[in-house]
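Okay, so here's the structure we're looking at.
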Amino acid sequence: SMAKVWLIAIAVGALAVWLRIAPSAAQADDFIASPEVQVPKSSVVTISTTIIPGPQDTKLEAWLCLPKATASRQRPPVVIMGHGFGLQKDFGLLPFAEAFAKSGMATLLFDYRHFGGSSGTPRNLLNPWLQLEDWRTVINYTMMTSLNGEVDATRIGLAGSSYSGGHVTTLLANPGTLPSEVKCGVANVPYLASLPVVRLTFSSNGWGRTLGYFLHVGLHAVRDVVQSLFGMGPHYIPIAGTMANAAALASPSSSKGYLSLVSERPLGGWQNAVPARILFLFPFYSPAGLTGSALRRVDRPLLFTAFEGDDLTFAEPVCDFHRRRGSAPIQLINLTSQDGHWAAYQGFELHTQVTSQMTDFLATHLVQP
């Protein structure tokens, strides 16, 4: 009927107007790497840059952090560590590497492709399956090279936080594809499944407000996909911000907590922006499986940390899935903090306590008696 034709025409017209006027959180030209960025200095570890050949001719940049003081001449075990959603190795990970070093462990901090010192365009493109591929690339490179003979590649631990805590969980929940040299993993405030996070986001922010937010982000995601299909470059939304500005991470604590981790001169000219298509990928990535069943496949020690007050990945699903682990060797540290999701990072309430517990766990399984 004519009414349906008019409705379709109005909808298409409205979408066309939106695609034209919706501002992007960044432009491709904004990602300008500063020539002043250098490897940080530390009194605890010696830091050197490692370039790892990645998939599709990409190059993954990593910092190898070796303990300066060691009681033996043995090569140390190594913890491979990647950061969370849209974050880079220069954003608050060094304090963890320094803590691990004091217990005799080296740490390899790496950037995913499209981020930091690693190659890949468009910048800040976030795809969980590509990031898992990067984890496997870094693990295999470490095993093949022992990082230029500097580490004992028969004793590897994995450590991640938030989104990368989900990646560590995914890797350990697929033991058939994980080398035996990987002995254990740590997942700080891990993202484990999409459905409980969406449910708790709705309940904590109200249905009307949250539905409006997802529709808002959805329109940005449509624009990003349309632009990419026509070779027009990505359309960005803020990584951290508020529901009002359609940020990917829009919980009340996100903006302050997230941006406090960003370094003064970010590697690769990082911007607070991510291609909006991530909305269409998010529902399909659930490291623990929709019901937590994937955790029962974990056959190596894994440590979860959860904080009551976390308004981003939430403590409830972490604790709930931990209860469903069956006989899998997964430990849980559940604490309460006013800093919620960000409590384990330097400058926040539980940094010293949680870092110590993570270090003890890793050392138990990696450092030879």
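The values are calculated or read from the model by the stated rules, or taken from the named source; none is laboratory data. Being a predicted model, the structure only gives us computed values, none of them experimental. Quick reminder, even Gly has a Cβ in these numbers, built from the backbone with ideal geometry, and neighbours come from all protein chains shown. The accessibility values were calculated without ligands, DNA or RNA, using every heavy atom of the protein model including side chains. Shrake-Rupley method; radii C 1.70, N 1.55, O 1.52, S 1.80 Å.
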**Fill in**
By residue number, the members of segment 353-369 that are modelled with pLDDT of 95 or more and open to solvent by 80 Å² or more (accessible area, probe 1.4 Å) are GLN353, ASP360, THR364
**Prompt:** Of GLY149, GLY157, which residue is closer than 25 Å to GLU61 by Cβ, open to solvent by less than 30 Å² (accessible area, probe 1.4 Å) and either at pLDDT 95 or above or out of contact with any Gly (no Cβ under 9 Å at 6 or more places or on another chain) (or both)?
**Reply:** GLY157
**Message:** Pairs needed: first member in segment 101-113, under 18 Å from GLN88 (Cα atoms) and modelled with pLDDT of 95 or more; second member anywhere, of a type in the set (D, E, K, R) and open to solvent by 10 Å² or more (accessible area, probe 1.4 Å); C-beta distance under 6 Å; at least 6 residues apart or different chains.
**Reply:** ASP111/GLU61
**Message:** For segment 147-171, which positions are part of a helix (DSSP H, G or I) and of a type in the set (Gly, Ala, Ser)?
**Reply:** GLY149, SER164, GLY165, GLY166
**Prompt:** Restricting the search to segment 306-323, which residues are without any contact (Cβ under 8 Å) to a residue 60 or more places away in the chain and either open to solvent by 40 Å² or more (accessible area, probe 1.4 Å) or over 15 Å from VAL197 (Cα atoms) (or both)?
**Reply:** GLU308, GLY309, HIS322, ARG323
**Asked** Out of the residues in segment 329-349 that are buried (at least 21 other Cβ atoms within 10 Å of the Cβ) and of a type in the set (A, V, I, L, M), which is modelled with the highest pLDDT?
**Response** ILE330
**Residue satisfying condition, being modelled with pLDDT of 80 or more and within 29 Å of VAL168 (Cα to Cα), within set GLN27, GLN38, GLN56** = GLN56
**Asked** For segment 35-58, which residues satisfy the criterion of being within 23 Å of the chain's Cα centre (by Cα), of a type in the set (S, T, N, Q) and more than 27 Å from SER228 (Cβ to Cβ)?
**Response** GLN38, SER48, THR49, THR50
**Item:** Selection within segment 175-194 - more than 22 Å from LEU108 (Cα to Cα) and more than 18 Å from the chain's Cα centre (by Cα)
**Value:** GLY176
**Message:** Please verify whether ARG123 is at pLDDT 95 or above, open to solvent by 10 Å² or more (accessible area, probe 1.4 Å) and in a loop (DSSP other than H, G, I, E, B), treating the condition exactly as stated.
**Reply:** yes
**Asked** Can you tell me which of GLY289, GLY268, GLY326 is at positive phi, open to solvent by 10 Å² or more (accessible area, probe 1.4 Å) and in a helix (DSSP H, G or I)?
**Response** GLY268
**Request:** Return the pairs, sorted by first residue and then second, in which the second residue is surrounded by 17 or more Cβ atoms within 10 Å (Cβ to Cβ) and basic (Lys, Arg), the first residue lies in segment 200-228 and is farther than 13 Å from MET243 by Cα, the beta carbons are less than 6 Å apart, and the residues are 6+ apart or on different chains.
**Result:** ALA221/ARG277; ASP224/ARG277; VAL225/ARG277
